[in-house]
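What follows is a set of notes on a single structure, which appears directly below.
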Amino acid sequence: MKTLTIFVLLTTVSLSQYLNVRVDSPQSNQPEEVSIAINPVNPDYLAAGANINHFFRSSDGGYNWSTSYLTSSFGVWGDPVVVFDELGYLYYGHLSNPPYPGYWIDRIVIQRSTDNGLSWNDGAGIGFLSPKNQDKEWIAVDMHSNQFKGNVYVCWTEFDSYGSSNPNDSSRIKFSRSTDKGLTWSNAVTISDRSGDCIDSDNTVEGAVPCVGPNGEIYVSWAGPLGLVFDKSTDGGLTWGTDIFVSNIPGGWDFDVSGIYRCNGMPITACDTSQSPYKGNIYINWSDQRNGSSNTDVFFVKSTDGGNTWSSPLKVNDDNSNRHQFFTWMTIDQTTGAIYVVFYDRRNTVGDATDVYVARSTNGGESFTNFKVSQSSFTPSSNVFFGDYTNISAFNKKVYPIWMRLDGSTLSVWTAIIHDSLVYVPVELESFNAIHNKDGKVLLSWQTASELNNRGFEVQRKFRDSDFAAVGFVEGKGTTTEKQRYDFIDSPIEDGLYTYRLKQLDYDGKFNYSNEVEINLQTISYLILEQNYPNPFNDRTTLKFATAYNKWITLKLYDILGREVLTVVNEILRPGIYEREINLGNYNLPGGMYFYELSDGKITLVKKMIYLK
């Protein structure tokens, strides 16, 4: 991979609320069709891609970027998608153009980087089936489910012959998965029940953007001859259901917008896996011309029952003009449940002059607030190919839309740095942990960052396969902006697997559920090490552990290379439950993944933590 060191241009137009940063270098080769991702392990690291083989990298939260160019023995031929997984591994998906005996877009290629894009493997080819063509892929990662966490999924369109008008040629949606962090992939399977044509237009099946649900479900929708349809898998992609009709797309997904070489309104699918009240909701975003060929609009539907039924389409852009809004993309901040939709917008311009807007919803897609994020308009030309999509990513109230603009005949790639302080979580739960002591009791502890209208927490428990039942209540602090710590002791009557959750209740009767924690209660226990909290953390975190006997206990911290960096405990301890707060800011340690090890000389327990410096 070739690397180019660049300077970064920061625009400073005083009329704009959001700082715009140029992502590509002035030496870039007409980049378009963009993708952006935030590393959840260290959110200062951002990755972006653009046609045909551009890769962009930032290590300071998007203020400065470097440009490099991806290479692979399979060839790199556009349709870029960048995605991070739960370990901070980075995946770059693209089309292929290998040397003979390979051929143009003969497979999907996914390359992996374990160092935030400084280096890449050669990649894995997926879906090769001569003489068919493989096109328009997208990637999703299971970040959290118990059974499928770490799996990587990809969907795309397979053409019998790309661009063919032969009625005997057809297109279909394909799927593959990796269970080893993208190194190898399953055989491709067809998941669409109804095929499309191969023209690459309204009756071609395209726009398959997969996402993952709270319990590892895989959801995906696409556009084609039936309109907008949806499918899902509940077993990690091994089997798929029957396609479900979601909405018609009046005028089709392939339409004309003046000044744009080619424009489409293909769908984006996303699922809320946060701890918000909307956890489990599935959302689909697209654009079409149901309101007229000179009035493209952005639309949104949602399902609250796993995709079985869908709401009526809601218009996302809140203008009353007869102007175009197009090239939309959607993301969810999975730390808050807020939905963000980016699109090009001409509501306040004349001719083909174009702005960039973002729409935000904090109520599960019931309504959207629009705001302009580009600092100046630009005018595209239908003689310059603009790609097929923009993109947007959000994590922990930081939002990064990414788009192309044209100045003269030069394309460039831009982002806006948005710190969304308007998204406020009424009760922001930072941690929830469970530990049991030698007496067979379970100690639950949790911490909030802030509270609004908080009446308190109903503690709920289930045993093995039973339903959740309330076992106690802890009063809340009402409204406060200070951190609050809570504890609750439960006394189960028999050994086995227990699951706990909190039902947080407001004074007005509204409620939210916390994440669930499990504990396998055994009345004879010797050494216990719990997950640090908060995690990830900035500088300060607390380690909780327990011992059943008088023992010489050591608790040490190691970096990712296995080097000891800190001794937290090194002494004889009496039986009991202990907490130790550490402040890594005092030790000049870099951010990243660390391991902490508890030992009594006979038993050794290890867990990992994420330090966000």
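For residues that are over 21 Å from T547 (Cα atoms) and not aliphatic (A, V, I, L, M), tally how many sit in region 575-613.
Within region 575-613, residues that are over 21 Å from T547 (Cα atoms) and not aliphatic (A, V, I, L, M) number 11.
Do we have P214 as in contact with a Gly (Cβ under 7 Å, 6 or more places away or on another chain), at negative phi, surrounded by fewer than 22 Cβ atoms within 10 Å (Cβ to Cβ) and not hydrophobic (A, V, I, L, M, F, W, C) here?
So P214 fits the description; yes.
Under 7 Å between Cβ atoms, at least 6 apart or on separate chains: pull out the pairs that start in region 24-38 with a residue that is closer than 12 Å to F55 by Cα and end on any residue that is open to solvent by 20 Å² or more (accessible area, probe 1.4 Å) and not basic (K, R).
Pairs found: S25/L4; S25/I6; E32/F385; A37/V83.
Give the residue that is surrounded by the fewest Cβ atoms within 10 Å (Cβ to Cβ), with candidates limited to residues of region 347-363 that are closer than 15 Å to T331 by Cα and modelled with pLDDT of 95 or more.
Of everything passing the filter in region 347-363, R360 is surrounded by the fewest Cβ atoms within 10 Å (Cβ to Cβ).
When residues of region 322-360 are filtered for being free of Cβ contacts under 8 Å to residues at least 60 places away in the same chain, hydroxyl-bearing (S, T, Y) and closer than 20 Å to G280 by Cβ, how many remain?
Summing the residues that are free of Cβ contacts under 8 Å to residues at least 60 places away in the same chain, hydroxyl-bearing (S, T, Y) and closer than 20 Å to G280 by Cβ in region 322-360 gives 0.
Identify, please: which residue in region 497-518 is under 14 Å from S431 (Cβ atoms) and aliphatic (A, V, I, L, M) and is, among those, least open to solvent (accessible area, probe 1.4 Å)?
Per the stated criteria, the residue is L502.
Being of a type in the set (A, V, I, L, M) and open to solvent by 50 Å² or more (accessible area, probe 1.4 Å) is the filter; apply it to region 157-189 and report the residue that is nearest to Y92 (Cα to Cα). Lay out the reasoning, then the answer.
Step one: list which residues in region 157-189 are of a type in the set (A, V, I, L, M), which gives 173, 183, 188-189.
Next cut, open to solvent by 50 Å² or more (accessible area, probe 1.4 Å) only: 183, 189.
On the way: L183: 12, V189: 21 Å.
Checked region 157-189; the qualifying residue nearest to Y92 (Cα to Cα) is L183.
Looking only at region 251-305, filter to residues that are charged (D, E, K, R) and part of a strand (DSSP E or B); which one of those is farthest from I199 (Cα to Cα)? Before you say what the answer is, go through the steps one by one.
Here is the first cut: in region 251-305, the ones charged (D, E, K, R) are 254, 256, 262, 272, 279, 288, 290, 297, 302, 305.
If we keep only those that are part of a strand (DSSP E or B) too, we end up with 254, 288, 297, 302.
Details: D254: 11, D288: 19, D297: 24, K302: 30 Å.
Top of the filtered list is K302.
Considering only region 379-388, I want to know if a residue exists there that is at pLDDT below 95, within 21 Å of the chain's Cα centre (by Cα) and under 30 Å from R262 (Cβ atoms).
Checked against the condition, which is being at pLDDT below 95, within 21 Å of the chain's Cα centre (by Cα) and under 30 Å from R262 (Cβ atoms), region 379-388 yields at least one hit.
Looking at T309, is it surrounded by 23 or more Cβ atoms within 10 Å (Cβ to Cβ), touching a strand residue (DSSP E or B) at 6+ places or on another chain (Cβ under 8 Å) and without any contact (Cβ under 8 Å) to a residue 60 or more places away in the chain?
Against the criterion (surrounded by 23 or more Cβ atoms within 10 Å (Cβ to Cβ), touching a strand residue (DSSP E or B) at 6+ places or on another chain (Cβ under 8 Å) and without any contact (Cβ under 8 Å) to a residue 60 or more places away in the chain), T309 does not qualify.
Any residue in region 156-174 that is within 30 Å of P26 (Cβ to Cβ) and not charged (D, E, K, R)?
no
Anything in region 389-422 that is among the small types (G, A, S) and either closer than 23 Å to T273 by Cβ or under 21 Å from the mean Cα position of the chain (by Cα) (or both)? List them, or say none.
Within region 389-422, S393, A394, A416, S421 meet the criteria.
From G49, G123, G127, G88, grab the single residue that is in contact (Cβ under 8 Å) with a residue 60 or more places away in the chain and within 23 Å of the chain's Cα centre (by Cα).
Answer to the selection: G88.
Read through the list (1) surrounded by fewer than 23 Cβ atoms within 10 Å (Cβ to Cβ); (2) touching a strand residue (DSSP E or B) at 6+ places or on another chain (Cβ under 9 Å), then give the number of the only condition that G292 fails.
(2)
Could you list, in sequence order, all residues of region 519-568 that are open to solvent by less than 30 Å² (accessible area, probe 1.4 Å), of a type outside the set (A, V, I, L, M, F, W, C) and touching a Pro at 6+ places or on another chain (Cβ under 9 Å)?
Once the filter is applied, which keeps residues that are open to solvent by less than 30 Å² (accessible area, probe 1.4 Å), of a type outside the set (A, V, I, L, M, F, W, C) and touching a Pro at 6+ places or on another chain (Cβ under 9 Å), region 519-568 yields T541, T542, T547, D559.
Answer yes or no as to whether K136 is touching a strand residue (DSSP E or B) at 6+ places or on another chain (Cβ under 8 Å), open to solvent by 10 Å² or more (accessible area, probe 1.4 Å), part of a strand (DSSP E or B) and at positive phi.
It is true that K136 is touching a strand residue (DSSP E or B) at 6+ places or on another chain (Cβ under 8 Å), open to solvent by 10 Å² or more (accessible area, probe 1.4 Å), part of a strand (DSSP E or B) and at positive phi.
Working only within region 68-81, note down all residues that are touching a Lys or Arg at 6+ places or on another chain (Cβ under 8 Å) and in a strand (DSSP E or B).
S68, Y69
Please go through region 133-188 and give me each residue that is among the aliphatic types (A, V, I, L, M) and either under 17 Å from the mean Cα position of the chain (by Cα) or modelled with pLDDT under 95 (or both), ordered by number. Talk me through it step by step, then tell me what you get.
Pass one, region 133-188, residues among the aliphatic types (A, V, I, L, M): 139-141, 143, 152, 154, 173, 183, 188.
Result: I139, A140, V141, M143, V152, V154.
Name every residue in region 65-98 that is polar (S, T, N, Q) and surrounded by fewer than 23 Cβ atoms within 10 Å (Cβ to Cβ), in order of residue number.
The answer is S66, S68, T71, S73, N97.
Residues that are among the polar types (S, T, N, Q) and closer than 24 Å to P43 by Cβ, at least 1 per element: which strands (runs of 3 or more DSSP E) completely within region 353-427 meet that?
355-361, 369-372, 391-395, 410-419
Can you report the number of residues in region 333-346 which are under 16 Å from M143 (Cα atoms) and open to solvent by less than 10 Å² (accessible area, probe 1.4 Å)?
Just the residues of region 333-346 that are under 16 Å from M143 (Cα atoms), to begin with: 333-337.
Within this subset, residues satisfying the condition of being open to solvent by less than 10 Å² (accessible area, probe 1.4 Å) are 333, 337.
Number of matching residues: 2.
If I ask for residues that are over 11 Å from G440 (Cα atoms) and either open to solvent by 100 Å² or more (accessible area, probe 1.4 Å) or among the aliphatic types (A, V, I, L, M) (or both), which ones from region 471-496 would you list?
V471, V474, E475, K477, T481, E482, K483
Out of S274, S221, report the one residue that is in contact (Cβ under 8 Å) with a residue 60 or more places away in the chain and surrounded by fewer than 22 Cβ atoms within 10 Å (Cβ to Cβ). Steps first, please.
Working: S221 fails: surrounded by fewer than 22 Cβ atoms within 10 Å (Cβ to Cβ).
Exactly one residue qualifies, and that residue is S274.
For (1) among the acidic types (D, E); (2) modelled with pLDDT under 95; (3) under 17 Å from the mean Cα position of the chain (by Cα), each residue gets a yes or a no:
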| position | (1), (2), (3) |
| --- | --- |
| R323 | no, no, no |
| T331 | no, no, yes |
| T335 | no, yes, yes |
| D345 | yes, no, no |
| G365 | no, no, no |
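Any residue at all in region 423-431 that is open to solvent by less than 50 Å² (accessible area, probe 1.4 Å) and within 20 Å of the chain's Cα centre (by Cα)?
There is at least one residue in region 423-431 that is open to solvent by less than 50 Å² (accessible area, probe 1.4 Å) and within 20 Å of the chain's Cα centre (by Cα).
Among the residues of region 24-31, is there at least one that is open to solvent by less than 40 Å² (accessible area, probe 1.4 Å) and either under 29 Å from N187 (Cα atoms) or out of contact with any Ser or Thr (no Cβ under 9 Å at 6 or more places or on another chain) (or both)?
No, region 24-31 has no match at all.
Would you mention how many residues in region 224-250 are in a strand (DSSP E or B), small (G, A, S) and surrounded by fewer than 19 Cβ atoms within 10 Å (Cβ to Cβ)?
1
The values are calculated or read from the model by the stated rules, or taken from the named source; none is laboratory data. Only a predicted model underlies this, so the values are computations on that prediction, with no experimental measurement involved. A quick note on method: Cβ atoms are made from the backbone with ideal geometry, for glycine too, and the neighbour counts reach across all protein chains shown. Note: accessible area is taken over every heavy atom of the protein model, side chains too, but ligands, DNA and RNA are not part of it. Shrake-Rupley method; radii C 1.70, N 1.55, O 1.52, S 1.80 Å.
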